[in-house]
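Asker: The structure's right below; bear with me while I get my questions together.
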Amino acid sequence: MVASTVGDMNQLGVRWTADQVLALAPDAASRKAGSRLGSSGPWSDAGCDDAGALWGLCKGSGSRPYRTVVDLAGAGTASTCSCPSRKFPCKHALGLLLLWAAEDPVVRAGTEPAEWAGEWVRGRRERAEAQKEGATAEPGGAPAEKTAGPEAARRRAERRAARIEAGASELEQRLTDLLRGGLAAAEREGYGYWEETAARMVDAQAPGLAARVRELGSIPSSGPGWPVRLLEECALLHLLDGAWLGRARLPADLATTVRTRVGLPSAPAGPAVHDSWLVLAQYDQSDGKVTTRRIWLYGQGTGRTALVLSFGAAGRAPEISLPVGLAVDAEVLPHGGAGQLRATLGERFGAPHAGGALPQGGGVTQALEAYGRALREDPWLDFVPVTLGGVVPVRAPDGEGWQLVDADGRLALPVASAAVGRPGLWKLAALSGGGPVAVFGECGHGGFQPLAAWGPGSGEPIALA
Amino acid sequence: MSTVTPPPAWEEQVTTALLGTDRRPFPAQEPALALLDAAAVHTVRRRAGLMPAVAGELPEPAPEDGRGPLPEPARRRLAVLLADRAAPAQSGGRRGSAPDLTELLPQWLATANAHRYRAPADLLPALLDAARARTDLRPQALEFAGARGLWLARLNPEWKYALRGTSGAAALPDVQDAKAVRALWEEGLFAERVGLLGAVRAADPAAALALLSGTWATERAEDRLMFLDSLRTGLSAADEEFLEQALADRSRNVRAVAAELLSALPASAFAARMAARATSCVSPDRTGTLGGIVVEAPHECDAAMQRDGVVAKPPAGRGERSWWLGQLVESAPLSAWSPRLNGRTPQEIAALPVADGWGEELHAAWCRAAIRQGDAPWARALLGAPSVPPEAGTGTASLAERAKLLATLPDGERADWVADFVSAHGLSEAFQLLGVCVVPWSQALGRAVVDALDIARDAGSYPWSFSGVMGLAERCLDPGEADRLEILTTTPAEAEGASPGAGGYWSEAFQRLVGTLRLRAAMVRELAGEA
């Protein structure tokens with residue numbers, strides 16, 4: 001593998017758009033504050049080099065200006081600033097990125113970093129380089145600590161499997177008790193019952209089961225038709241429980257999927273796929289403690305779709321951030337398991353660039369068929385990534401929801417209720433203007449969640465999430 | 001699970017699950033487990049076999065927008081300006097050194113509209129949201145949003161505002177198409193008709209008058225009032241006959257508007273009647289030695305006066321006679337006064353002493369007349385020299401009225417007057433006057449304002465005492481002045497007696513000013529398609 005160093009590539013080939021920069025902001029207040037600093041006024045001694053580093057001095061209220069440095073090379077966008085803000089990235093870093101995105105002349109291109117900036121950038125890149133070498137060296141001569149590892153790790157894994165085993169058995173018992181006593185009785189017990197069960201599953205080190213149990217708890221208050229939904233989800237949880245308890249008899253791929261669903265860590269399994277990966281969507285979900293960023297990638301050469309996850313603890317944006325609408329030349333390492341699209345972002349080569357192939361879309365029937373097929377591999381799947389070739393967003397006949405209608409006007413997919421009323425759906429309606437647009441999104445039993453769209457003849461997907 | 005008998009139907013399963021297998025039997029060895037198994041099979045089968053829904057009606061596509069696309073940098077800029085709006089306002093009163101992007105939206109939109117650019121579709125929702133929150137943005141935002149913006153606004157009740165008033169504008173027929181115009185005028189909704197009348201009036205005042213007089217007798221009173229208001233545009237002697245008739249209207253409000261419009265036609269019979277009444281009350285002082293003006297206010301408000309729109313009953317606290325006098329003078333053509341007062345010029349008349357304390361009343365009425373008739377020589381005379389303190393001046397001390405008088409002067413003269421005013425009196429009373437000056441400010445005006453700010457800083461006050469003028473300067477100064485202002489952004493050594501820390505705040509305020517000017521210059525360049 002040709003391991004090119006960051007230095008010899010033009011990381012800054014394509015400037016980001018303001019939207020892409022603002023997507024980095026940890027919250028709305030930072031977005032606003034950053035926008036305000038995206039004008040040349042307070043900045044001085046600002047510049048960028050060809051390797052992906054940006055720096056500048058930003059005048060604040062104090063006498064000494066803040067020193068802001070951003071590094072776009074490597075995995076994720078990193079920044080440092082002498083300001084006291086604990087937000088990450090801070091408003092100064094956002095402002096500097098905006099200036100750079102707008103090609104403001106105050107950020108002088110192609111210069112050497114100022115001394116105070118260069119030090120941090122060099123340190124960061126040396127660490128990244130060392131890490132990479134460490135990773136490639138591993139299979140050969142592993143360090144002493146690692147040799148002791150396999151045996152200990154195996155014992156740890158066995159202990160954990162045993163605890164999950166106990167947890168899954170307990171959950172089975174609770175589910176059958178529930179069905180004997182009736183769902184109506186459970187509804188009267190309220191959310192506390194589920195919360196307690198979820199806590200038991202956390203103790204059993206099965207976070208996947210715990211999350212599903214918590215979901216169950218919210219169904220009785222989710223409006224008409226809840227008994228059907230609750231029975232469905234209870235049944236699928238029972239299916240997962242049973243699959244875990246009988247995993248020895250499952251095909252290897254399905255067993256891996258079950259392990260992941262139960263909550264064991266998922267790891268890259270297959271060989272790296274090198275491609276030009278178009279970033280179709282990037283959006284965050286938060287459970288109050290951890291922010292999960294989901295990034296959908298489309299391989300412009302291979303036609304594969306991959307899901308990259310990145311996590312951020314409270315108050316911090318997840319580390320990986322990719323510009324929606326642009327393509328990244330990179331390696332992606334797929335995780336194992338039947339029907340799994342999750343992948344880890346590996347080495348990146350060069351800067352994000354515009355253009356290249358867009359995924360070919362199908363009709364609404366094909367989208368549902370794709371979901372149906374995927375369920376054969378992973379029956380717990382809530383949705384699959386799908387591109388619809390030419391659909392028109394319209395109000396559903398019930399007047400409440402929305403639909404995506406095939407261009408011939410006959411068949412439709414309901415838009416997921418979570419997307420209705422969100423700004424992204426209005427963006428989609430505006431882009432369509434009543435005509436067909438291509439839409440990428442997540443299609444499943446809960447409807448279709450639009451994440452990106454592009455019109456006929458326009459080259460760049462526009463983020464909707 | 002090897003149940004020989006097929007599991008009960010799904011509805012049965014749900015009912016059993018709801019009540020519990022202890023209460024409602026389920027045909028299996030272990031009922032609860034069997035029910036979960038059966039439900040799992042059903043669930044996966046149902047999800048795998050999902051069918052598309054029947055489609056709702058496809059919408060009418062949005063009309064084509066023939067305008068050109070925005071240059072990419074301008075598009076990015078708009079996204080940033082709109083993103084700034086979406087975030088919560090900064091806490092506290094301090095404005096920091098960064099430009100206030102929201103305030104630049106109106107200018108950006110005006111420039112983009114002048115270039116006739118099409119709004120990028122994906123930014124339309126944010127644009128409609130912005131204009132929803134700020135009514136002053138609406139006309140420009142909706143023009144920029146164009147036909148697709150209106151199309152979109154119909155889908156979201158939150159954007160209903162976009163369909164009011166201007167909604168007609170999108171669907172208006174060509175004003176030359178007499179048949180279509182006539183059809184919409186006779187059958188359209190009120191908002192559409194107001195829009196139509198305005199559009200026709202702008203293109204062909206006589207045609208609009210013909211349209212209105214054709215249906216006048218059958219219109220409702222509040223509609224008549226709105227329609228009559230449309231005649232302000234392109235008002236001319238040709239409208240006199242119609243307005244004279246409207247003086248006899250059943251509705252008092254309609255009568256008042258008709259009288260007001262007629263008073264703006266100095267050659268009309270109405271104006272002649274008002275001139276005769278007004279001049280009979282005001283005469284040169286022939287007895288005294290002062291050579292001033294004597295006023296004999298009317299003693300009654302007769303039927304003929306009331307027919308001409310004079311309101312007989314004064315508001316609480318005002319004397320009847322001064323109330324009537326004010327209305328007569330206000331509605332009389334200003335050209336009547338020079339012949340009445342021995343051929344004096346407006347300047348000379350404004351300088352004459354007025355006997356018995358009637359001066360304030362008379363000057364105030366003249367000011368209203370000058371504003372209504374757009375009479376620059378009279379406005380000039382009543383404003384007096386900018387160096388004279390407002391309270392010692394001739395015409396009016398009210399800043400609002402002064403601003404309106406200024407608006408009748410030619411652009412350059414107005415800017416010079418305000419510049420001299422600012423140089424003489426500083427900024428504390430200048431805000432409203434600056435508001436009527438053409439943007440960007442002339443060099444003389446811009447420098448007067450900046451000098452005044454500099455003086456205020458040296459005097460040791462805090463910049464937020466001038467935040468209104470600062471904000472105006474950010475939006476109205478010529479962006480070309482930015483380099484000249486750079487020197488003011490440094491923090492000076494703290495002077496004796498200055499407010500603590502003021503120097504730093506001033507430098508911050510000037511930084512914001514310079515930053516905003518640079519940004520405005522960049523916005524203009526981007527929209528012009530210059531790199």
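Asker: Can you tell me the FRET efficiency between B:ARG220 and B:ALA183 if r is taken as the Cβ-Cβ distance and R0 is 22 Å, rounded to the nearest 0.05?
Answerer: Details: r = 20 Å, r/R0 = 0.92.
Efficiency computed from Cβ-Cβ geometry: 0.60.
Asker: Which one of A:SER40, A:ALA117, A:ALA53 is farthest out on the positive end of the charge dipole of the range A:6-137, using unit charges on Cβ (Lys, Arg +1; Asp, Glu -1) and the Cα centre as origin?
Answerer: A:SER40
Asker: Could you compute the net charge surrounding A:ARG200? Neighbours are other residues with a C-beta less than 14 Å from the C-beta of A:ARG200; K and R count +1, D and E count -1. Don't skip to the end; give the middle numbers.
Answerer: Values: positive: A:ARG163, A:ARG174, A:ARG212, A:ARG214; negative: A:GLU165, A:GLU170, A:GLU172, A:ASP177, A:GLU195, A:GLU196, A:ASP203, A:ASP241.
Within the 14 Å Cβ shell, the charges total -4.
Asker: Now for a different question. Please report, in whole Å³, the volume per residue of the convex hull around the C-alpha atoms of the range A:247-315. Walk me through the intermediate numbers first.
Answerer: Working: hull volume 8.0 nm³, N = 69.
Measuring per residue, one finds 116 Å³ for the Cα hull of the range A:247-315.
Asker: Also, I was wondering about something else. Give me A:HIS238, A:HIS445 sorted ascending by neighbouring Cβ count inside 10 Å, so fewest comes first. Walk me through the numbers on the way to the answer.
Answerer: Working: A:HIS238 23, A:HIS445 19.
Listed from fewest to most nearby Cβ atoms, that is A:HIS445, A:HIS238.
Asker: Can you show me the helix-derived [θ] at 222 nm for the protein assembly as shown, built from DSSP H runs with n ≥ 4 at -39,500 (n - 2.57) apiece and divided by the number of residues, rounded to the nearest 500. Show your work: numbers first, answer last.
Answerer: On the way: 39 runs with 469 residues, N = 996.
Calculated at 222 nm, the ellipticity per residue is -14500 deg cm²/dmol.
Asker: Could you tell me the largest-minus-smallest coordinate of the C-alpha atoms of the range B:172-265 on each of the three principal axes, in descending order and whole angstroms?
Answerer: The principal-axis extents, from largest down, are 32, 25, 17 Å.
Asker: Another question about this same structure. Please get the size of the charge dipole for the range A:364-463, origin at its Cα centre, with Cβ charges of +1 on Lys and Arg and -1 on Asp and Glu, quoted in debye to the nearest 20. Let's see the in-between values first.
Answerer: Values: 6 positive and 10 negative charges, 40 e Å.
Magnitude of the dipole: close to 200 debye.
Asker: Expressed as a rounded percentage, what relative contact order does the range B:267-398 have, with Cα pairs under 8 Å and six or more residues apart? Before the final figure, lay out each step's value.
Answerer: Working: 164 pairs, mean separation 32.3, N = 132.
Dividing the mean separation by the residue count of the range B:267-398 yields 24 percent.
Asker: Rounded to whole Å and ordered largest first, report the semi-axes of the equivalent ellipsoid of chain B derived from its Cα gyration tensor (root of 5λ). Spell out each step's value before the answer.
Answerer: Values: eigenvalues 746, 283, 103 Å².
Semi-axis lengths for chain B are 61, 38, 23 Å.
Asker: Could I ask something else about it? Enter the Cα centre distance for the pair the range B:415-470 and the range A:244-293, rounded to the nearest angstrom.
Answerer: Cα centroid of the range B:415-470 versus Cα centroid of the range A:244-293: 64 Å apart.
Asker: Can you check how the C-alpha radius of gyration of the protein assembly as shown compares to 2.2 N^0.38 Å, as a plain ratio? Write out the running numbers ahead of the final one.
Answerer: Details: Rg = 37.2 Å, N = 996, 2.2 N^0.38 = 30.3 Å.
That ratio works out to 1.23.
Asker: Right, here's the next one. Give the residues of the range A:215-257 whose amide nitrogen is closer than 17 Å to a point set 7 Å from the Cα of B:ALA9 in the direction of its Cβ.
Answerer: A:228
Asker: So if R0 is 41 Å, what FRET efficiency would A:SER417 and B:ASP454 give, r being the distance between their Cβ atoms, rounded to the nearest 0.05? Display every interim value, and only then the final one.
Answerer: Working: r = 59 Å, r/R0 = 1.44.
Approximately 0.10, to the nearest 0.05.
Asker: Still on this structure: Considering the options A:ALA73, A:LEU98, B:LEU58, tell which one lies farthest towards the positive end of the dipole of the protein assembly as shown, charges being +1 on Lys and Arg and -1 on Asp and Glu at the Cβ, about the Cα centre.
Answerer: Ranked along the dipole, the leading option is A:ALA73.
Asker: Another question about this same structure. Ranking A:HIS335, B:HIS115 by Cβ neighbours within 10 Å, fewest first, what do you get?
Answerer: Working: A:HIS335 20, B:HIS115 14.
Least to most surrounded, the residues fall as B:HIS115, A:HIS335.
Asker: Then there's this: Charges at C-beta only: +1 for Lys and Arg, -1 for Asp and Glu. How large is the resulting dipole of the protein assembly as shown about its Cα centre, in Debye rounded to 20? Before the final figure, lay out the partial values.
Answerer: Numbers: 101 positive and 116 negative charges, 295 e Å.
Approximately 1420 debye in magnitude.
Asker: A further question on this structure: Just counting partner chain Cβ atoms within 10 Å, what average do the residues of peptide B:503-512 show around their Cβ? Write out the running numbers ahead of the final one.
Answerer: Values: counts 0, 3, 1, 0, 1, 4, 0, 1, 3, 4.
Mean number of neighbouring Cβ atoms from other chains: 2.
Asker: So for the pair A:ASP45, A:GLU400, with labels modelled 7 Å out along Cα→Cβ, what separation do we get in nm?
Answerer: 6.0
Asker: Let me ask something else about it. Which FRET efficiency value, to the nearest 0.05, do you get for B:HIS115 and B:ASP22 by plugging their Cβ-Cβ distance into 1/(1 + (r/R0)^6) with R0 = 60 Å? Walk me through the intermediate numbers first.
Answerer: Details: r = 75 Å, r/R0 = 1.25.
The calculated FRET efficiency here is 0.20.
Asker: Let me ask something else. Under a point spin-label approximation (7 Å from Cα along Cα-to-Cβ), what is the B:GLU64-A:ASP27 distance to one decimal in nm?
Answerer: 4.9
Asker: Counting only C-alpha contacts under 8 Å and six or more residues apart, can you give the relative contact order of chain B as a whole percent?
Answerer: Working: 641 pairs, mean separation 54.1, N = 531.
Reported as a whole number, the value is 10 percent.
Asker: Relative contact order for chain A: what is it in percent, counting Cα pairs under 8 Å that are at least 6 residues apart? Mind dumping the intermediate values first?
Answerer: Values: 856 pairs, mean separation 52.7, N = 465.
Result for chain A is 11 percent.
Asker: Using the number of other C-beta atoms within 10 angstrom as an exposure proxy, rank A:VAL308, A:VAL420 with the fewest first. Please report the intermediate quantities before stating the final value.
Answerer: Values: A:VAL308 22, A:VAL420 14.
With the fewest neighbours first, A:VAL308, A:VAL420 line up as A:VAL420, A:VAL308.
Asker: I've got another one for you. Which of B:ALA83, A:THR176, A:PRO207 sits farthest toward the positive end of the charge dipole of the protein assembly as shown, with +1 on the Cβ of Lys and Arg and -1 on the Cβ of Asp and Glu?
Answerer: Positive-end residue among those listed: A:THR176.
Asker: Explain nothing, just compute: Karplus ³J(HN,Hα) = 6.51 cos²θ - 1.76 cosθ + 1.60, θ = phi - 60°, for every residue of the range A:166-183 in order, whole Hz, x for Gly and Pro.
Answerer: Using θ = phi - 60°, the values come out as 5, x, 5, 5, 4, 5, 4, 4, 5, 5, 5, 4, 4, 5, 5, x, x, 5 Hz.
Asker: Please compute the modelled spin-label separation between B:LEU163 and B:ASN342, points set 7 Å along Cα→Cβ, answer in nm with one decimal.
Answerer: My value for the distance between the label points is 6.7 nm.
Asker: Using modelled backbone amide H atoms (1.01 Å from N, in-plane), which distant-in-sequence or interchain residues come within less than 5 Å of A:HIS274's amide H?
Answerer: When sequence neighbours closer than 5 places are left aside, the close amide H contacts are A:VAL332.
Asker: Sticking with this structure for a sec: Find the all-direction average of the projected area of the Cα convex hull for chain A, expressing the result in square nanometres with one decimal place.
Answerer: Details: hull surface 102.3 nm².
Average projection, Cα convex hull of chain A: 25.6 nm².
Asker: Dipole of chain A, Cα-centred, from +1 at each Lys and Arg C-beta and -1 at each Asp and Glu C-beta, to the nearest 20 debye? Please list the in-between numbers first.
Answerer: Values: 47 positive and 50 negative charges, 170 e Å.
With Lys and Arg at +1 and Asp and Glu at -1, about 820 debye.
Asker: Filter the GluC sites (Glu not before Pro) in the range B:422-531 to those in DSSP coil with at most 16 other Cβ atoms within 10 Å of their Cβ, and list the result. Don't jump to the answer; show the numbers that get you there.
Answerer: Numbers: sites: B:GLU429, B:GLU474, B:GLU481, B:GLU486, B:GLU494, B:GLU496, B:GLU508, B:GLU526, B:GLU530; in loops: B:GLU429, B:GLU494, B:GLU496, B:GLU530.
Qualifying residues, ordered by number: B:GLU429, B:GLU494, B:GLU496, B:GLU530.
Asker: For the protein assembly as shown, please report how many Lys pairs fall under 23 Å Cα to Cα, leaving out neighbours fewer than 8 apart on the same chain.
Answerer: 10
Asker: Sticking with this structure for a sec: Please list 3J(HN,Hα) in residue order for the range B:34-40, calculated via the Karplus relation 6.51 cos²θ - 1.76 cosθ + 1.60 where θ = phi - 60°; whole Hz, with x for glycine and proline.
Answerer: Values, residue by residue: 5, 5, 4, 4, 4, 5, 5 Hz.
Asker: Given just the C-alpha atoms of the range B:410-531, how large is their convex hull per residue in cubic angstrom? List each step's numbers first, then the result.
Answerer: Values: hull volume 12.0 nm³, N = 122.
Convex hull of Cα atoms, per residue: 99 Å³.
FYI, it's all coordinate maths here, none of it is from the lab. Worth saying up front: this structure is predicted, and the values here are computed from it rather than measured. Counting neighbours? That spans all protein chains shown, and the Cβs are built from the backbone with ideal geometry, glycine included.
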